[in-house]
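Some notes on the structure that comes next.
The values are calculated or read from the model by the stated rules, or taken from the named source; none is laboratory data. Given the structure is predicted, the values throughout are model-derived calculations rather than measurements. Here the Cβ positions follow ideal geometry from the backbone for every residue, glycine too, while neighbour counts run over all protein chains shown. Each accessible area value is taken on the protein alone, full model and side chains, heavy atoms only, with ligands, DNA and RNA left out. Shrake-Rupley method; radii C 1.70, N 1.55, O 1.52, S 1.80 Å.
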Amino acid sequence: MAKTPKAKPTEADAHAAVRTLIEWAGDDPDREGLRDTPRRVAKAYRELFAGYETDPREYLARTFEEVGGYDELVLLKDIRVVSFCEHHMLPFLGRAHVGYLPTDRVVGISKLARVVHGFARRLQIQEKLTAEIAEAIQDVLRPKGVGVVIVSEHSCMTMRGVNTPGSRLTTSHLLGEIRDDPRTRQEFFDLVRSAD
């Protein structure tokens, strides 16, 4: 028997949850400085988790075929990543580097950034985020290869737990020729590491 989908909590439910957390932390949610905090937190969460409201793959739908025969690596570097660890609901912040080897069409570069942002605005681990971005580009654009590298600092390690500020996690996901051709793989990583 199929499960009945659970109704999404209301905004009032979210406000009540924030009030509970404030009380649990030891403060008074009716104190002047905290009275409007539940509303502000709900509004912030709506923005921070906007990735659940979009399908990032749709950003890749519009492509350009007039590329003048261009078939070399396309790489967009330093796309800001703001995401949240699904284990502690604390942010991880960093940069994504996204590359692909086009076949006969390219996508507007802003769309690559939108794909990163669309997947990032969800609860997850960085490894999953890296793979989702690469797989979406591969599935929609059908390039000869895709490479994604994300380097970020995780608040769950820098603010609590082992308290190691400055530590960064690097993940990569390579597909097609960028994974299989040693020269193309090397070119991708050289471009990711290169100074501007």
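Being more than 27 Å from GLU135 (Cβ to Cβ) and either at pLDDT below 95 or not polar (S, T, N, Q) (or both): is that true of GLU58 here? It would help to see each step written out before you state the result.
Working: more than 27 Å from GLU135 (Cβ to Cβ): no; either at pLDDT below 95 or not polar (S, T, N, Q) (or both): yes.
No.
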Inset, instruction - Sort through GLY33, GLY118, GLY108 and tell me the only one that's among the small types (Gly, Ala, Ser), modelled with pLDDT of 95 or more and open to solvent by less than 40 Å² (accessible area, probe 1.4 Å). - result: GLY118
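Restricting to segment 92-137, give me the number of residues that are of a type in the set (A, V, I, L, M, F, W, C), closer than 15 Å to ILE79 by Cα and in contact with a Ser or Thr (Cβ under 7 Å, 6 or more places away or on another chain).
Final tally of qualifying residues: 4.
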Inset, instruction - Please verify whether segment 72-80 includes one or more residues that are open to solvent by less than 40 Å² (accessible area, probe 1.4 Å), touching a strand residue (DSSP E or B) at 6+ places or on another chain (Cβ under 9 Å), closer than 30 Å to GLY166 by Cβ and in contact (Cβ under 8 Å) with a residue 60 or more places away in the chain. - result: no
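Could you tell me which of the residues ARG105, ARG142 is more than 30 Å from MET159 (Cα to Cα), in contact with an Asp or Glu (Cβ under 6 Å, 6 or more places away or on another chain) and without any contact (Cβ under 8 Å) to a residue 60 or more places away in the chain?
Values: ARG142 fails: in contact with an Asp or Glu (Cβ under 6 Å, 6 or more places away or on another chain).
Testing whether each residue is more than 30 Å from MET159 (Cα to Cα), in contact with an Asp or Glu (Cβ under 6 Å, 6 or more places away or on another chain) and without any contact (Cβ under 8 Å) to a residue 60 or more places away in the chain leaves just ARG105.
Within segment 70-89, can you find the residues that are in a loop (DSSP other than H, G, I, E, B) and either more than 16 Å from VAL148 (Cα to Cα) or charged (D, E, K, R) (or both)? Before you say what the answer is, go through the steps one by one.
Of the residues in segment 70-89, the ones in a loop (DSSP other than H, G, I, E, B) are 70-73, 86-89.
Hits for segment 70-89 are TYR70, ASP71, GLU72, GLU86, HIS87, HIS88, MET89.
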Inset, instruction - Under 6 Å between Cβ atoms, at least 6 apart or on separate chains: pull out the pairs that start in segment 168-184 with a residue that is within 17 Å of VAL74 (Cβ to Cβ) and end on any residue that is among the hydroxyl-bearing types (Ser, Thr, Tyr). - result: HIS173/THR130; GLU177/THR184; ILE178/THR184
